[in-house]
Structures are given as structure tokens and as C-alpha cells.
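Structure first, then comments.
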Amino acid sequence: LLATAVAMPVAFAQGPGASTYKAKCAMCHGPDGKAATPMAKMMKVPSFDASGVEKKSDAALVKAIEDGVGKMPAYKSKLSSKQIKDVVAYIRTLEKK
């Protein structure tokens, strides 16, 4: 029981959005959302902190992921609605770090 209680926060932090984020988003946005990757620098991707992501609604983030923003491609046809919502939820955990 104790092992389950200890593992639960890690499982939540690494929830379904984490794997999708790591596979589709981290190469540009960085594993922590700080956009400190070579690709982010080359493409001038702003950090989630600098771009005010924390002030945007979940619906606005879903729309940005679905439709793309600037050089970021649209993921509407590549990810399910649930995957996109899970990524938004994961991005919210990055804001708290």
C-alpha cells in the first residue's frame, strides 16, 4: 500500500500527456517547456514562461495544438482530441516547476 501511495504522484506526473509531449513537443519546446533546445533556438520558439502560456485557457491551448501556431504544425489530424487535452494537462504541470 505504501509503495502504491509513493508511486502514485510519479505516475500522475508522467500521465498520458507526458509521453505524447515527449514524442511530439519536447524536441522544440524542451522537456521542461523552457525552449532551451537547438531546434527551439533555430525556430525561435518562445519558452512557455515567456509566451504567457499559463495565462491562456485550456481551450486556447487545445486550439493552438490542433491548428498550429507560427511554424508549429497542426496536430489535429495527428493526435486524438484526448491526446491533445492530455498534452495540455501535462503542460500545466510544467508551469508549476
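The values are calculated or read from the model by the stated rules, or taken from the named source; none is laboratory data. Worth saying up front: this structure is predicted, and the values here are computed from it rather than measured. Cβ coordinates were reconstructed from backbone atoms using ideal geometry, including for glycine residues, and neighbour counts include every protein chain displayed. To get the accessible areas, we keep the full protein, side chains included, count just its heavy atoms, and leave off ligands, DNA and RNA. Shrake-Rupley method; radii C 1.70, N 1.55, O 1.52, S 1.80 Å.
Residues in the range 1-38 that are modelled with pLDDT of 90 or more, open to solvent by 20 Å² or more (accessible area, probe 1.4 Å) and among the hydrophobic types (A, V, I, L, M, F, W, C) were compared, and the one that is farthest from Lys82 (Cα to Cα) is Ala36.
Name the residues in the range 74-97 that are in a loop (DSSP other than H, G, I, E, B) and open to solvent by less than 60 Å² (accessible area, probe 1.4 Å), would you?
Here is the first cut: in the range 74-97, the ones in a loop (DSSP other than H, G, I, E, B) are 74-80, 96-97.
Within the range 74-97, Ala74, Tyr75, Leu79, Ser80 meet the criteria.
Taken over the range 45-56, residues that are open to solvent by 60 Å² or more (accessible area, probe 1.4 Å) and within 17 Å of Ala35 (Cα to Cα) amount to 4.
Looking at the range 57-72, which of its residues are within 19 Å of Thr20 (Cβ to Cβ) and open to solvent by 60 Å² or more (accessible area, probe 1.4 Å)? Explain how you work it out, then say what you get.
Taking the range 57-72 as the starting set, the residues that turn out to be within 19 Å of Thr20 (Cβ to Cβ) are 58-69, 72.
Answer for the range 57-72, where residues must be within 19 Å of Thr20 (Cβ to Cβ) and open to solvent by 60 Å² or more (accessible area, probe 1.4 Å): Asp58, Ala59, Lys63, Asp67, Val69.
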